[in-house]
1. Please tell me if B:Val193 is part of a helix (DSSP H, G or I) and out of contact with any Leu (no Cβ under 9 Å at 6 or more places or on another chain).
2. Of all strands (runs of 3 or more DSSP E) completely enclosed by region A:23-124, which ones contain at least 3 residues that are among the β-branched types (Val, Ile, Thr)?
3. Of the conditions (1) over 12 Å from the mean Cα position of the chain (by Cα); (2) in contact (Cβ under 8 Å) with a residue 24 or more places away in the chain; (3) closer than 21 Å to B:Arg232 by Cα, A:Leu6 fails just one. Which one is it?
4. Only residues that are over 31 Å from the mean Cα position of the chain (by Cα), loosely packed, with under 15 Cβ neighbours inside 10 Å and in contact (Cβ under 8 Å) with a residue 12 or more places away in the chain: list them for region B:216-245, please.
5. Among (1) within 32 Å of the chain's Cα centre (by Cα); (2) within 14 Å of chain A (Cβ to nearest Cβ), where does B:Pro213 come up short?
6. Quick one: in region A:1-37, which of the residues that are under 25 Å from A:Ala74 (Cα atoms) and charged (D, E, K, R) is farthest from the other protein chains (Cβ to nearest Cβ)?
7. Just to check your reading of the model, which residue among B:Met180, B:Met195 is surrounded by 15 or more Cβ atoms within 10 Å (Cβ to Cβ), at the interface with chain A (Cβ under 9 Å from one of its Cβ atoms) and within 26 Å of the chain's Cα centre (by Cα)?
8. Does A:Arg48 count as within 11 Å of another protein chain (Cβ to nearest Cβ) and crowded, with 16+ Cβ neighbours inside 10 Å?
Amino acid sequence: MSPIALLHGDPGRLPFVGHFRAQRTIEGANLAASGRVHARGDVSAAFRIARAIEATIRGCPVSDGADRHDLLSAVWQAIHDIEGCDLGPDKGEDLVILFVIGDEQGTGIAGMGLGGVWAIDEQSIRPLVEGDHPLLGGPGRPDRLPGVLTLDEPASTVVCIAHDHPNQPPNTTNWRQACGVNP
Amino acid sequence: MSAIADLDPRRDLVLIRERIDLQLRVGDDPTETVRDLASRNPIALADLVIGPRAPRDPRWIRAALESVAVLEEALSPYGLYRKLVALCPELQTEILKIAARRHPAAGWLVELSRAIEGQQAGFIHLSACSGHPSFTQNCWAHAAAGHLPGLIAVATQTGLPQTAAALVAHGHLDAAGVAMVRIIERAPDTPVVAMVAAVWGPDPVPVLKKTLPHLRSRAVATALAQQSNGYRDFSTLMNTLIGAMVQP
């Protein structure tokens with residue numbers, strides 16, 4: 001089953017300005033990504049940039065026989081290669097993104113600009129990282145992602161909040177809607 | 001000319017009331033009398049406009065509306081406008097327009113709109129504040145109150161995407177579909193899909209599909225397709241639909 005990556009909405013009436021979500025499946029590995037860019041900017045421009053990032057994730061070349069790490073590297077490289085001017089006035093330095101990657105060997109998470117990450121199922125919400133974990137940090141597009149956290153137990157749905165949110169876990173009753181997943 | 005220029009509003013209120021009644025009975029314009037009172041004693045004016053023995057003549061209320069700023073000094077705006085509507089239902093639309101113009105961000109306008117406009121509630125208020133910073137919050141408030149036809153009418157008139165976004169935010173998806181089409185009809189370049197996605201989440205295709213039954217022209221469908229070309233499946237659907245449309 002493909003993992004699901006979700007970014008919690010921002011406070012306010014327009015919680016999903018510049019939010020994007022995409023999945024990529026290759027033989028033997030899956031990648032789910034969710035994030036936001038230019039979220040404090042013009043709604044229209046943020047929307048266009050978000051769709052461009054989704055298209056990049058879905059369409060970037062990945063070599064045959066790639067495992068989940070190769071898939072993540074290829075996708076990140078493609079995002080990194082987007083011209084800064086195509087990512088809004090901040091040139092992508094405000095990029096927040098969560099990746100969940102999975103294959104037969106296991107599941108891992110990586111990202112930028114994350115303030116908290118949780119695994120969610122129908123029964124529980126459990127934090128995947130705490131304290132000063134290197135997965136949590138500022139936004140942007142470094143040459144390489146800081147690292148991949150391999151999960152001890154598989155997680156079908158991973159929810160994150162952005163670095164500039166209060167570090168509170170998602171609400172157990174309405175987390176789907178809060179992440180822009182509507183019935 | 002003021003009919004009470006020789007009277008003192010603090011002392012001669014009974015006489016003033018009689019003069020106003022007479023003025024209205026003989027068909028004289030009471031505007032100058034209202035202005036005179038407004039300049040000399042706003043409290044007396046408030047008593048004569050909305051007090052228990054206030055004349056219910058529309059000419060009197062209309063004249064009083066010209067000095068509404070003075071009346072607002074004597075009574076809270078919500079109480080004042082509600083009372084004016086109760087005194088003179090013939091002028092309720094005019095009263096609501098004035099209230100919306102003077103207090104575009106006031107929450108009580110939602111309830112007053114419902115009482116006056118019924119099914120079209122929100123149209124006057126939102127039309128009056130479409131250029132005001134409170135427009136978005138007001139769209140949300142009217143959507144929360146279920147004023148769907150009013151919001152659709154405003155979408156049709158203004159082409160502003162906040163109307164559709166507010167409907168989406170409150171789960172009125174069918175109405176949002178109508179509003180989105182009306183917005184694109186009015187202003188094809190309005191970023192309504194972006195605004196809806198900002199409220200709904202990154203995959204607003206379920207909302208976009210609500211527009212389909214309301215698309216009548218190829219031009220509108222094409223504009224919608226252009227705005228939503230980041231959603232591959234919906235784009236494919238739109239292209240099929242556009243190809244089958246007869247009306248340009």
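1. Taking the combined requirement at face value, the residue does not satisfy it.
2. Here the list reads A:96-103.
3. The one condition A:Leu6 does not meet is (1).
4. Within region B:216-245, B:Asp233, B:Asn239 qualify.
5. (2)
6. Checking each candidate, the answer is A:Glu27.
7. Of the residues listed, the single one that is surrounded by 15 or more Cβ atoms within 10 Å (Cβ to Cβ), at the interface with chain A (Cβ under 9 Å from one of its Cβ atoms) and within 26 Å of the chain's Cα centre (by Cα) is B:Met195.
8. Judged against the criteria, A:Arg48 is a match.
The values are calculated or read from the model by the stated rules, or taken from the named source; none is laboratory data. From a predicted model like this one, the values you see are computed outputs, not experimental measurements. Please note: Cβ atoms are built from the backbone with ideal geometry, for glycine as well, and neighbour counts cover all protein chains shown.
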